[in-house]
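Structure record follows, encoded as structure tokens.
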């Protein structure tokens with residue numbers, strides 16, 4: 001959490017309660033950042049304001065050859081784990097600042113958490129959003145109780161306006177970063193996972209630039225049980241954390257995506273505190289592809305009835321991609337941290353995932369215009385138990401013989417094996433059939 005206005009004064013009371021020594025010599029090098037006692041204090045303070053989400057055994061366990069437990073943080077009121085850090089920070093602010101209010105400038109999960117919990121605490125809260133923000137996000141933020149102002153065409157415009165309003169009116173401008181208070185709140189996830197699943201071998205967290213959840217929870221887990229492996233997962237397209245760890249400092253010029261699909265997965269590395277904790281406590285950081293993330297979203301929807309976004313699905317994606325073979329036969333918890341996938345993206349993501357999973361395929365073939373030819377094709381599809389999703393006929397632009405029709409079919413199959421069987425059956429009857437590659 002980045003405190004931009006009068007930082008030392010506003011957080012002096014909260015930070016003064018953070019102890020400066022530790023009984024564990026192994027933690028001495030980063031006690032100044034965050035301690036187990038800080039996380040315990042955060043857990044006590046926020047227990048009535050956030051959900052203690054379930055960490056449940058998953059039906060995916062058999063498929064991946066390990067005992068998988070899913071920590072369902074997407075069940076928080078705003079659909080995100082960010083509520084934990086936000087609530088602890090807001091309750092730690094001096095009463096004078098709580099009366100004046102806070103201001104944020106984005107449409108992120110962080111801003112939604114600030115909007116909701118500030119309203120619940122009766123703290124005036126203002127959210128500045130660019131005019132390009134989706135109407136659904138604006139509506140949701142207002143329903144949480146925030147005063148929403150649309151300003152500027154870019155995020156930078158909104159941030160500049162928010163800072164100006166903060167300076168003119170005495171609001172506290174909040175921007176997600178890695179203060180000890182915020183990390184302590186996020187670290188309560190690690191406490192709960194340890195309590196809910198006995199004899200854990202590993203816990204998998206989303207990583208990327210915004211690795212506060214990974215860092216804070218690692219501090220809790222390694223204090224309670226040093227043998228538990230803590231693993232972070234980020235996108236191959238935006239390996240911000242791996243590059244920052246390699247460089248030894250936050251990478252600031254890493255390219256990131258503004259597409260809402262990626263969320264915080266593609267964010268810049270936002271602080272040295274999280275980076276230091278990650279470097280000392282996290283056992284492994286792996287990267288996965290966009291395709292792995294999409295299939296992971298599909299698995300969670302099918303097996304867990306959980307609709308999550310890329311940030312929520314990226315932990316499971318490491319297992320989908322086979323990046324963690326050492327966990328076979330182990331007890332593994334995965335934190336599903338966010339479920340705020342916009343509706344217009346949901347259909348696109350699922351359709352693409354089904355194609356990547358070899359469950360939806362498309363082929364084209366040329367038939368004569370005889371009345372029974374298409375019926376014969378449909379009979380083959382029915383015999384092979386393929387479900388027809390779409391069928392199109394092209395007459396005018398067929399380049400083969402006269403009085404022929406090009407038929408393009410989109411069909412759904414059970415799995416990769418079923419798709420191969422269908423393909424063989426069609427090629428046996430129609431040798432010139434062409435399959436559209438995914």
Open item on the list: Given an 8 Å cut-off on Cα distances and at least 6 residues of separation, report the relative contact order of the chain as a percent.
Closed with: 15
Task: Amide N of region 336-375 lying under 18 Å from the label point, which is placed 7 angstrom from the Cα of residue 132 along Cα→Cβ - done: 342, 344-345
Task: GNM top mover of 143, 401, 168 - the chain, alpha-carbon springs below 10 Å - done: 401
- [ ] Could you line up 148, 81, 102 from fewest to most neighbouring Cβ atoms inside 10 Å?
- [x] 148, 102, 81
Task: Between region 338-417 and region 110-165, the Cα center-to-center distance that results, in Å - done: 44
TODO: Give the angle, between 0 and 90 degrees and rounded to the nearest 10, that separates the Cα long axis of helix 155-169 from the longest principal axis of the Cα atoms of the chain.
DONE: 20
TODO: Evaluate Rg over Rh across the chain, taking Cα atoms for both radii and Kirkwood's formula for Rh.
DONE: 1.07
TODO: Please give the direction-averaged projected area of the C-alpha convex hull for region 261-398, in square nanometres with one decimal.
DONE: 13.1
Task: Label-point separation in nm, residue 427 to residue 305, each point 7 Å along Cα→Cβ - done: 4.1
TODO: Using only C-alpha positions, report the orientation-averaged shadow area of the convex hull of region 67-128, nm², one decimal.
DONE: 4.6
Open item on the list: Report the Rg/Rh value for region 358-435, based on alpha-carbon coordinates and the Kirkwood definition of Rh.
Closed with: 0.96
- [ ] Could you tell me what percent of the DSSP beta bridges with both partners in the chain are antiparallel, to the nearest 5?
- [x] 45
Open item on the list: Counting other beta carbons within 10 Å of each residue's own, what order do 390, 178, 157 fall into, fewest first?
Closed with: 390, 157, 178
- [ ] Give me the number: length gained by fully extending residue 420 to residue 388, i.e. 0.36 nm times residue separation minus the C-alpha to C-alpha distance, one decimal in nm.
- [x] 9.9 nm
- [ ] Specify the angular offset, from 0 to 90 degrees and rounded to the nearest 10, of the alpha carbon long axis of helix 373-383 from the longest principal axis of the alpha carbons in the chain.
- [x] 50
Open item on the list: I want to make sure I understand the PRE zone here: with the label point 7 angstrom from the Cα of residue 289 toward its beta carbon, which residues in region 224-244 have backbone N atoms less than 18 Å away?
Closed with: 234-239
Task: Net lengthening on full extension, residue 59/residue 246 (0.36 nm per residue, minus Cα-Cα) - done: 63.7 nm
Task: Helix-only mean residue ellipticity at 222 nm for the chain, each DSSP H run of n ≥ 4 adding -39500 (n - 2.57), per residue, nearest 500 - done: -13500 deg cm²/dmol
Task: Cβ-Cβ FRET estimate between residue 358 and residue 379, R0 fixed at 22 Å, reported to 0.05 - done: 0.40
Open item on the list: Helix 290-304 against the longest principal axis of the chain: what's the angle in degrees, Cα atoms only, rounded to the nearest 10?
Closed with: 90
Task: Stokes-Einstein D for region 108-180, Kirkwood Rh over Cα pairs, 25 °C, 0.890 mPa s (µm²/s) - done: 196
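Rule-based calculations on the coordinates, nothing more; no lab input. This is a predicted model, so every value here is computed, not measured. Cβ atoms come from the backbone with ideal geometry, glycine included; neighbour counts cover every protein chain shown.
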